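This report refers to the structure that appears directly beneath it.
The values are calculated or read from the model by the stated rules, or taken from the named source; none is laboratory data. Because the structure is a prediction, the values reported are computed rather than measured. Here the Cβ positions follow ideal geometry from the backbone for every residue, glycine too, while neighbour counts run over all protein chains shown.
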Ligand code: ADP
C-alpha cells in the first residue's frame, strides 16, 4: 500500500524492507528538513560526547585522586594509632617478655577489621628496633608478620619515638586498599546514576525538539502551499480584471476627445477615468506583488535617453504637486550620461512611487527630486544616485522599518483615504533586482528622504549625447574568440537557467560562489559586466555556445 504525504508530496510504502527505507532516508539527506534534523542530532551528539568526556576527566583528574588521598590519610591515621600501642609496649614492657608481648600485639593489630568493608585493615607489619636505645639483646626483636609485599596497598612507615625524644625503632605497616575501592565504587555508582538522569533529560529535549521541528516544518509547508495558491489566485484575478479596465480606460480616452459629450458629461467621464486609473494602478501593484512571490519579477533593460526620461517623470508629477500647492524641485547634476542601459519601465515605476508618496504625504513646502553621478562603478558603468526628499509629515522611528513590509501603512488620514501599502515593497524588490537597496531617513513633522544608488552601463556619455550606440554589444563578440576555463557542467546549467529567468540576485550569488576559485576568475570577469548591465540575451547565446551539451 502506498501513502502520499499530502504536504511534501512524497510517498511511503507500508511494509517496505528496511534496506530500501534506509536508502530512501539517505536520499532525503539533501533535503532542507533532513539537514536541519541532522544538524539538531549532531549538536546533541556533540553535547553528549562533551558531557561524557567532562565526566571522565572529572573522575580521573579530580574525584578519584581525592578519594585515594582520603583513604591513604585514613590508613596513615590508623597506622599511627597502632604504632602508639607498639611504642607503649616497647617502652614499658619487661625485657624478658618483650618479644612475646610484641608478637601478641602484632597478631591483634593484624586482626583489626574495617567495619565499612568487613576486611582486614593491616595486611602486614614489620618491626625494626634500634638496639642501642632498647635494652634487649641485639636481633632479639626482629619481628615480621602478615604479608611481606602487596601491589596496590598503602605503605606507612611510622617512627617509634620514645618519651625522651629518642627514636626506638620503625614500624612498617602494609594497609589494605579496600577502603579506597569501596569509596570509589560508591562514588562511581552515584556519578553514573546522576549523569544518566542528566543524559536522559538531554535525550528528552532532543526528541522534543525533533518532534516540534517536524511539526513546525509541516505547518510551514502547508502555509507556503496555501500562500502560493492565494498568490496564484490573486495573479489570475488581477489579470482578468485588467482586460475590462483597459476597455473602460480606452473608452474614457475616446469620450474625452468628444467635445459636445464632454460639455454635457465631462465631470462624470473624468471621474470614471480617474477611478479606473486608480484601480488599474492598484491591480498592477497586486500583480507585481504576486509575481514577486513567484520569483517572476524580472528586469528588461534597454537603452534609455536619461534626460528625456527624467523630464517626462517631472512633468507627470508636476501637475499633482501644483494641484496640492507644493513645489517640485529638480536637481539633476550636470554631466549625467545621456544614454544608459536600464529597465525604463521598472525604474519609472520606482521613481513614480517615491515621488507620488512624497507629494501625497506633503501638505506644505516642497518635494525635491535629485539625480547625481557618483564614483565607484566599473569601467563602462556609472553609479547614479536617485533621491526624493520632501518636507511632509515624515515617518516615526518605530514605523520606519515596517514601511517596506507588504500592506503595511502608517495610520493617518491620508493612508486611510488611499493607497495599498504595496508600493514600497515592490519598489524595494525592484531596486534590489537592480543590485541596490532602497534607503530611507525620516523625521516626523520634518519630512522624509528616500534614495538608492544603481550601477548602470553608459551607452553614451553627456559629451556625445545622441542616438544609442551599439558599443554595449562589443564584449559579446570579443569573447567568442577567447578561451578560458569555465565552471563544471552542473554549475553552467544552473547559471544558464538563472540567466533565462533574468534573476540578477541569483546570478550574483552564484558568481560570489566562484570567488575563491582562481581557475574561474576569467569566467567571472567575463560574465559580470553582462549581469550588471542586464544583457541576458547575448549572455544566453554565449552560454549556449560554450555549454558542453
Ligand atoms: P501606499 O503609499 O500605497 O500606502 P507604500 O508602500 O508606497 O504604500 O508606502 C507605505 C507607507 O509608508 C505609506 O502608507 C506611508 O505611511 C509611508 N510613507 C511612504 N512614503 C512616505 C513619505 N514620503 N512620507 C511619509 N510617509 C510615507
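Considering only residues that are in contact with a helix residue (DSSP H, G or I) (Cβ under 7 Å, 6 or more places away or on another chain) and modelled with pLDDT of 85 or more, which ones fall in the range 377-404?
386, 388, 390, 392, 395, 403, 404
Would you mind finding the one in 107, 74, 128, 82 that is closer than 29 Å to residue 178 by Cα and touching a strand residue (DSSP E or B) at 6+ places or on another chain (Cβ under 6 Å)?
128
Report every pair of residues separated by at least 6 positions or lying on different chains whose Cβ atoms are under 6 Å apart, first residue within the range 483-497 and over 14 Å from residue 522 (Cα atoms), second part of a helix (DSSP H, G or I).
Partner pairs satisfying both residue conditions: 495/510; 496/543.
Among the residues of the range 31-57, write down those that are free of Cβ contacts under 8 Å to residues at least 40 places away in the same chain and within 20 Å of residue 182 (Cα to Cα).
56, the sole residue that qualifies.
Do the conditions hold for residue 105, that is, is it in a helix (DSSP H, G or I), in contact with a helix residue (DSSP H, G or I) (Cβ under 8 Å, 6 or more places away or on another chain) and surrounded by 12 or more Cβ atoms within 10 Å (Cβ to Cβ)?
yes
From 441, 399, grab the single residue that is without any contact (Cβ under 8 Å) to a residue 24 or more places away in the chain, within 13 Å of the ligand (Cβ to nearest atom) and part of a helix (DSSP H, G or I).
Exactly one of 441, 399 is without any contact (Cβ under 8 Å) to a residue 24 or more places away in the chain, within 13 Å of the ligand (Cβ to nearest atom) and part of a helix (DSSP H, G or I), namely 399.
If you take the residues in the range 240-258 that are loosely packed, with under 13 Cβ neighbours inside 10 Å and part of a helix (DSSP H, G or I), which one is farthest from the chain's Cα centre (by Cα)?
254
Only one of (1) modelled with pLDDT under 80; (2) surrounded by 14 or more Cβ atoms within 10 Å (Cβ to Cβ); (3) part of a helix (DSSP H, G or I) fails for residue 526. Which number is that?
Condition (1) is where residue 526 drops out.
Every residue, every condition in (1) more than 41 Å from the chain's Cα centre (by Cα); (2) surrounded by 16 or more Cβ atoms within 10 Å (Cβ to Cβ); (3) at positive phi, yes or no:
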site: 229; (1), (2), (3): no, no, no
site: 288; (1), (2), (3): no, yes, no
site: 329; (1), (2), (3): yes, no, no
site: 333; (1), (2), (3): yes, no, no
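Taking residue 346 as the residue in question, decide whether it is in contact (Cβ under 8 Å) with a residue 60 or more places away in the chain and more than 13 Å from the ligand (Cβ to nearest atom).
yes
Which of the residues spanning the range 361-384 are within 16 Å of the ligand (Cβ to nearest atom) and either more than 19 Å from residue 320 (Cβ to Cβ) or surrounded by fewer than 21 Cβ atoms within 10 Å (Cβ to Cβ) (or both)?
Residues satisfying the conditions are 363, 364, 365, 366, 368, 370.
Need pairs with beta-carbon distance below 7 Å; first residue within 18 Å of residue 426 (Cβ to Cβ) and in a helix (DSSP H, G or I) and within the range 350-370, second within 9 Å of the ligand (Cβ to nearest atom) and at pLDDT below 90; sequence gap 6+ or separate chains.
Matching pairs, first to second residue: 353/423; 357/423; 360/414.
Taking residue 306, is it more than 26 Å from residue 241 (Cα to Cα) and surrounded by 16 or more Cβ atoms within 10 Å (Cβ to Cβ)?
So residue 306 passes the test.
When you go through 178, 120, 166 one by one, which is the residue that is closer than 16 Å to residue 74 by Cα and out of contact with any strand residue (DSSP E or B) (no Cβ under 7 Å at 6 or more places or on another chain)?
178
Under 6 Å between Cβ atoms, which residue pairs at least 6 apart in sequence (or on different chains) link something in the range 407-435 that is more than 10 Å from the ligand (Cβ to nearest atom) with a partner that is at pLDDT below 90 and assigned to a loop (DSSP other than H, G, I, E, B)?
433/299
What's the number of the condition residue 123 fails, among (1) more than 18 Å from residue 182 (Cβ to Cβ); (2) assigned to a strand (DSSP E or B)?
The single condition residue 123 does not satisfy is (1).
Tally time: how many residues in the range 335-348 are part of a loop (DSSP other than H, G, I, E, B) and surrounded by fewer than 20 Cβ atoms within 10 Å (Cβ to Cβ)?
Looking only at that region, the number is 2.
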